[in-house]
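Peer 1: A single structure is presented below for examination.
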Amino acid sequence: MPPIDAKALRSALGRFTTGVTIATCRDSAGLRVGLTANSFNALSLDPPLVLWSLRRASPAVSAFESASHFAINVLTEGQVGLSRRFASPVPDRFAEGQWADGVGGAPVLAGCAAVFECALHQHETLGDHVLFVGRVERLHEAVLPPLVFQGGHYHLLGEML
Ligand SMILES: Cc1cc2nc3c(=O)[nH]c(=O)nc-3n(C[C@H](O)[C@H](O)[C@H](O)COP(=O)(O)O)c2cc1C
């Protein structure tokens, strides 16, 4: 079989529609770390496990590998500005949004569709990403319209069928 072309793979993966999250933790100096991530997914109900992946080259890898906890903040359509901010090289990403300390100090964002506060269960480098598995210790949810990501663009949720 010919090797898979990276551009074609990225394009085809982009057909898989996702929500958008901001994954957060504290680094070893206690500083807040966070980035926009749509690799979040459910893994297990019993025990309650969730997963997401971070590119190996990210400066945030060591913080997420050493933190006892991380939080997954599921964004609403009104939080698209924060999604863009947390995917950009701005000096202090946390200067916008209303942030509080969650379990283990992981930053929790107000006004999200859901928040999963997790203890780090396992991490493993696989390919060019690090897979993080978290055990959910606390969760929050609100019936708010989610932010949707598809084909490299943000969308509003369509109509229910
Ligand atoms: C919608 C969206 C989803 C993203 N999902 C991920 C992801 O799951 N994992 C990842 O490593 N980067 C993801 N990124 C890219 C990071 O947010 C971006 O590279 C950010 O600058 C990383 O922060 P860092 O520079 O601190 O590593 C995503 C970006 C966007 C806009």
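Peer 1: Hey, among the residues in the stretch 100-119 that are more than 16 Å from the chain's Cα centre (by Cα) and assigned to a strand (DSSP E or B), which one's nearest to Leu82 (Cα to Cα)?
Peer 2: The qualifying residue nearest to Leu82 (Cα to Cα) is Ala100.
Peer 1: So, in the stretch 120-136, how many residues would count as being assigned to a strand (DSSP E or B) and surrounded by fewer than 15 Cβ atoms within 10 Å (Cβ to Cβ)?
Peer 2: Number satisfying all stated conditions: 4.
Peer 1: Next question, about the same structure. Limited to the stretch 54-78, what total is found for residues that are over 19 Å from Leu147 (Cβ atoms) and touching a residue at least 60 places away in the same chain (Cβ under 8 Å)?
Peer 2: Taking the stretch 54-78 first, the residues over 19 Å from Leu147 (Cβ atoms) are 54-70.
Among the residues that remain, those that are also touching a residue at least 60 places away in the same chain (Cβ under 8 Å) are: 54-57, 61, 64-65, 69-70.
Count: 9.
Peer 1: Out of all the residues in the stretch 138-147, is one or more part of a strand (DSSP E or B), under 18 Å from Glu65 (Cα atoms) and in contact with a Phe, Trp or Tyr (Cβ under 8 Å, 6 or more places away or on another chain)?
Peer 2: No, every residue in the stretch 138-147 fails to be part of a strand (DSSP E or B), under 18 Å from Glu65 (Cα atoms) and in contact with a Phe, Trp or Tyr (Cβ under 8 Å, 6 or more places away or on another chain).
Peer 1: Ala63: closer than 20 Å to Tyr154 by Cα, touching a strand residue (DSSP E or B) at 6+ places or on another chain (Cβ under 7 Å), within 13 Å of the ligand (Cβ to nearest atom) and not in a strand (DSSP E or B), yes or no?
Peer 2: Here the answer is no, as Ala63 does not meet what is asked.
Peer 1: What are the residues in the stretch 83-95 that are more than 11 Å from the ligand (Cβ to nearest atom) and either in contact (Cβ under 8 Å) with a residue 24 or more places away in the chain or of a type in the set (Val, Ile, Thr) (or both), if any?
Peer 2: Passing the criteria: only Phe94.
Peer 1: Moving to a separate point now. Listed residues Val74, Val50, Val33; which is within 11 Å of the ligand (Cβ to nearest atom), under 13 Å from the mean Cα position of the chain (by Cα), hydrophobic (A, V, I, L, M, F, W, C) and crowded, with 18+ Cβ neighbours inside 10 Å?
Peer 2: Val33
Peer 1: Given (1) within 12 Å of the ligand (Cβ to nearest atom); (2) aliphatic (A, V, I, L, M); (3) closer than 30 Å to Gly158 by Cβ, identify the lone condition not met by Ala113.
Peer 2: (1) is the only condition that Ala113 fails.
Every number in this text was worked out from the coordinates using simple rules, so none of it is lab data. Not measured: the values here are computed from a predicted model. Here Cβ is always computed from backbone atoms with ideal geometry, including for glycine, and neighbour counts include all displayed protein chains.
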